[in-house]
1. Considering each residue of the range 151-198, count those that are without any contact (Cβ under 8 Å) to a residue 60 or more places away in the chain and either closer than 19 Å to residue 356 by Cβ or in a loop (DSSP other than H, G, I, E, B) (or both), and give that number.
2. Suppose we filter 201, 214 for residues that are exposed (fewer than 14 other Cβ atoms within 10 Å of the Cβ) and in contact with a strand residue (DSSP E or B) (Cβ under 9 Å, 6 or more places away or on another chain); which single one remains?
3. Residue 229: in a strand (DSSP E or B), under 21 Å from the mean Cα position of the chain (by Cα) and either in contact (Cβ under 8 Å) with a residue 60 or more places away in the chain or crowded, with 18+ Cβ neighbours inside 10 Å (or both), yes or no?
4. Considering only residues that are touching a residue at least 40 places away in the same chain (Cβ under 8 Å) and more than 15 Å from residue 239 (Cβ to Cβ), which ones fall in the range 341-359?
5. What do you reckon, is residue 283 touching a residue at least 12 places away in the same chain (Cβ under 8 Å) and buried (at least 24 other Cβ atoms within 10 Å of the Cβ)?
6. Sort through 107, 129 and tell me the only one that's farther than 20 Å from residue 189 by Cβ, touching a helix residue (DSSP H, G or I) at 6+ places or on another chain (Cβ under 9 Å) and free of Cβ contacts under 8 Å to residues at least 40 places away in the same chain.
7. Evaluate the range 140-150: report whether one residue or more is in contact (Cβ under 8 Å) with a residue 12 or more places away in the chain, buried (at least 16 other Cβ atoms within 10 Å of the Cβ) and assigned to a loop (DSSP other than H, G, I, E, B).
8. Looking at (1) touching a helix residue (DSSP H, G or I) at 6+ places or on another chain (Cβ under 6 Å); (2) without any contact (Cβ under 8 Å) to a residue 12 or more places away in the chain, which one does residue 310 not meet, given that it meets all the others?
């Protein structure tokens, strides 16, 4: 059981949240998942149970909770291989708005986010490159021209509002508040093999998109730290999702090994299968600890949260793919059929490995942090 808290104060709350999530999403604790294909989660139901407003302040209609609680939901969404706009709206969208300077417009968007209308998509770097994807240039009439491109943006196709991370004319990170149908903006759905995800590209090429001054929102405090924190949210979210999928594959494989018989006995009684399942258990356990540490660091606003999320993503991103692949092998011939449903998790894990940075990219950044200054 993953613990996103430092102590036991919120452990009971997280256990209740986890139980509600598994009941709502249709997965049983410790049982084999029954997912055979991508099934969208009822968006209104997510709003009704309060998941969309977990981090929205209470005075704005939310629960006033933290990213640690959202991490519990993200893990369970991965465990159920659920298709929803939770990442784009409740995690990245709300996270971006909370990092902005308070204003009536920002508070109105936060209040709306808790109800699920509108849905958000955040245009930021989702690959190995962490650079800010858009830039603004003054147009000489009190406004700006927006240019740039963000690729593989989560939940873009369903979004009614866009929050685009950009550099202002002074080179400082800001957020541009706009809509998909804005003149000069090109929004394209990107088909991927993982049918449980929705990704798209948003670009402002050529003459660019005209942006008024009131559409440009500034971060509170250090804008670069805020921009890094927003990226860290995406990294943590995909790590949580991959962990949930890995847990599901472990449970499914152990359950199958108990009932599948070969030579007159359950295959789980064979030492080779036992060792393989033990290896999966160890990998999942290590991943839980790393993700829990990253969730706590992000929720607490730790200045070194980037290191924790990079460690979690670099390990869990790769381990989840290996676990899903091993689960397919241990299921035997049926594991390679669509009937088993393992293909749903394998494709989700493969995409999650690349989204918001590959394990290799995160390990390279960790190596740079720990290497220290060069000698000579």
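The values are calculated or read from the model by the stated rules, or taken from the named source; none is laboratory data. Here the structure is a predicted model, which means the values were calculated and not measured. Positions of Cβ are generated from backbone atoms using ideal geometry, with glycine treated the same way; all protein chains shown enter the neighbour counts.
1. Looking only at that region, the number is 21.
2. 214
3. Details: in a strand (DSSP E or B): no; under 21 Å from the mean Cα position of the chain (by Cα): yes; either in contact (Cβ under 8 Å) with a residue 60 or more places away in the chain or crowded, with 18+ Cβ neighbours inside 10 Å (or both): yes.
Criteria not met by residue 229.
4. 341, 342, 344, 345, 347
5. Details: touching a residue at least 12 places away in the same chain (Cβ under 8 Å): yes; buried (at least 24 other Cβ atoms within 10 Å of the Cβ): no.
The answer is no for residue 283.
6. From the options 107, 129, the qualifying one is 129.
7. Checked against the condition, which is being in contact (Cβ under 8 Å) with a residue 12 or more places away in the chain, buried (at least 16 other Cβ atoms within 10 Å of the Cβ) and assigned to a loop (DSSP other than H, G, I, E, B), the range 140-150 yields at least one hit.
8. Of the numbered conditions (1) touching a helix residue (DSSP H, G or I) at 6+ places or on another chain (Cβ under 6 Å); (2) without any contact (Cβ under 8 Å) to a residue 12 or more places away in the chain, the odd one out for residue 310 is (2).
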